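A short write-up of the structure that comes next.
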Amino acid sequence: MQVRGTHNSYQPPLPPLERQLDEGIRQLELDVWSQPDGSFAVYHSANDRRSTCPTLVACLQPVRVWLGAHRQALPLYLVVENKGAPQDAGAVAVAVQAALPGHLLVGPKEVAGGRWPTLAGTRGRVIAVLIGNGAEQYTGGSMFVYASSGPLAAITSRPDPLSQAADIAAFVHAGLVVRTQADGDGVVLDEKRRDAAAASGAQIVSARDDGYLLPGGVSWRCDPLVPSPCRPRDMEPTTTTTTS
């Protein structure tokens, strides 16, 4: 299946995370920075600290509540980028695991052998991905990392659907989950790139605009690259797939 997500999900003018989930967003991205007290602040850079949720805990608590109220929801992809020191990566994963109980996290061990669990086994749960500084050394097991080869290969990123379309298709056919972006730096929803992102078959299509919708005006649909007995109405029967 293919879902839509947001880039820098915490950053205004995007609405609070739980509202994005209500709108059908099924991938969120947080940038985190370690603080002297051991917590993690959420913001983009030293020059841009705008955030609808100032800390990792403040971001994930309403997400946890929302998932508890929407147990039939599609799995939520949560991308957490460590913007601090590389040695903080493990602590980021620990903080995510503390905020989201173990039963909510779909861990790498569940994808052993290259086979993803069924949709029924992942509804209302979180597929958490650690990226950024130190992520390549992370081996904790509660979060995924971006990897396109080797034993950790399960989720990867190819942000440019125009120049990286062949890579995206190859990874999708190999059973990997791929994230791409419908817009580039400083370019909001360029039509050519937007259409290429949807057609690429990447399972996650991110945009800076939560109003972006997949073809047909939906938030999720059957993946155009993967033939399967897929019926959109069976994906998330209790929630709307369009924005309000």
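Overall size of segment 103-237 from C-alpha positions, given as principal axis extents largest first: 39, 36, 26 Å.
If neighbour count is taken as other Cβ atoms inside 10 Å, put 70, 173, 7, 103 in order from fewest to most. Working shown, then result.
Numbers: 70 17, 173 11, 7 20, 103 8.
If I rank by nearby Cβ atoms, fewest first, I get 103, 173, 70, 7.
Spin-label model, residue 123 to residue 163: label points 7 Å out along the Cα-to-beta-carbon direction sit 4.2 nm apart. Compared with the direct C-alpha span, the chain from residue 19 to residue 234 gains 75.1 nm at full extension, assuming 0.36 nm per residue.
Given the rule -39500 (n - 2.57) for each run of at least 4 DSSP H residues, summed and divided by the residues of the chain, what is its mean residue ellipticity at 222 nm, to the nearest 500 deg cm²/dmol? It would help to have the intermediate numbers written out before the result.
On the way: 5 runs with 49 residues, N = 244.
Rounded to the nearest 500, the figure is -6000 deg cm²/dmol.
Around residue 197, what is the net charge, scoring Lys/Arg as +1 and Asp/Glu as -1 over all other residues with Cβ under 14 Å from its Cβ?
Numbers: positive: 4, 158, 179, 192, 193, 194, 208, 221; negative: 160, 167, 183, 190, 191, 195, 209, 223.
Computed value for this residue: 0.
The slack in the chain from residue 94 to residue 61, taken as 0.36 nm per residue of separation less the alpha-carbon distance, amounts to 10.4 nm.
Quick one: what do you get for segment 90-142 if you divide its Cα Rg by 2.2 N^0.38 Å? Dividing the Cα radius of gyration by 2.2 N^0.38 Å gives 1.17.
Exposed loop sites, defined as trypsin sites (Lys or Arg not before Pro) outside DSSP H, G, I, E and B with at most 14 other Cβ atoms within 10 Å, are absent from the longest region of the chain, namely 116-244.
Binned at 10 Å from 0, what are the whole-percent values of the Cα-Cα distance distribution for the chain, short to long? Spelled out per bin, shortest first, that is 8, 33, 40, 18, 1, 0.
Of the peptides 209-215, 51-57, the order by per-residue mean of other Cβ atoms within 10 Å, starting with the highest, comes out as 51-57, 209-215. DSSP beta bridges confined to the chain are antiparallel in about 25 percent of cases. Modelled this way, with points 7 Å down the Cα-to-C-beta line, the labels at residue 39 and residue 71 are 3.1 nm from one another.
Isolated cysteines in the chain, defined as those with no second cysteine Cβ under 4.7 Å, do not occur.
Bear in mind these aren't lab numbers, they're just calculated from the coordinates by the rules spelled out. Everything numeric in this text was worked out from a predicted model, so none of it was measured. Cβ coordinates were reconstructed from backbone atoms using ideal geometry, including for glycine residues, and neighbour counts include every protein chain displayed.
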